[in-house]
Amino acid sequence: MKKTLLASLGLTLMLSTTASVALAAEADSVPVAKESNQLFGNGTDREPNNWYDKASEVWLGSDIYGTIGELIEGRDYDTYDIYKFKAYQTKWVDFKIEGDKYPNAWLNLTLTDSDGHMIKTTEEGQNTLGKKLEAGKEYYLEVGVPGYEIGQLFWYKISAKIEE
Ligand SMILES: [Ca+2]
């Protein structure tokens, strides 16, 4: 009995490896010059989250994984991801976004206050922004793609380093 279970587990693993290889081959054939940095979602990017009142709620300090550029609800291309979080302590936080980049389009990150007013945004060519956050306040992080063209797909990860 135990042996059969192990054998079928081995088969499942083998099948899933084959599936990943097939997916990777498909991604390679996309005819757009892109610096790829394949990352995988962890459920934090919950669509539609393109507006402040539909923001995905996250914990400050936990990594966020998402995608930009996919067709959502079968009609609109996803060009914004908005995350909402609360600061529990007054601390300096360094945010960093890493992910795919095209020659004319890149990921940027904007921090806003609880009313959606911009506090700080990443400069062109930069992928980090730092700010002292205040305890008890809510903030939004907005991911955008200046230069975006339909058909481009971006995978990204946002990490936050909180001052000790
Ligand atoms: Ca979105």
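Since every read-out is calculated from the coordinates, none of them should be taken as a lab result. These numbers were taken from a predicted model, which means no experiment stands behind them. Cβ: placed from backbone, ideal geometry, glycine included. Neighbour counts: every protein chain shown.
Charging the Cβ of each Asp and Glu at -1 and of each Lys and Arg at +1, and nothing else, the dipole of segment 34-164 about its Cα centre rounds to 320 debye.
For the pair Asp115 and Leu71, label points projected 7 Å from Cα toward Cβ lie 4.0 nm apart. Taking label positions 7 Å along the Cα-Cβ direction at both Thr90 and Lys34, the computed distance is 4.4 nm, reported to one decimal. Legend: distances between Cα atoms for Lys101/Lys137; Lys34/Lys86; Lys96/Lys137; Lys54/Lys137; Lys120/Lys157; pairs beyond 30 Å are Lys101/Lys137; Lys34/Lys86.
Hey, with R₀ at 30 Å, roughly what FRET efficiency would Lys161 and Asp53 work out to, going by the Cβ-Cβ distance, to 0.05? Working from the Cβ atoms, E equals 0.60.
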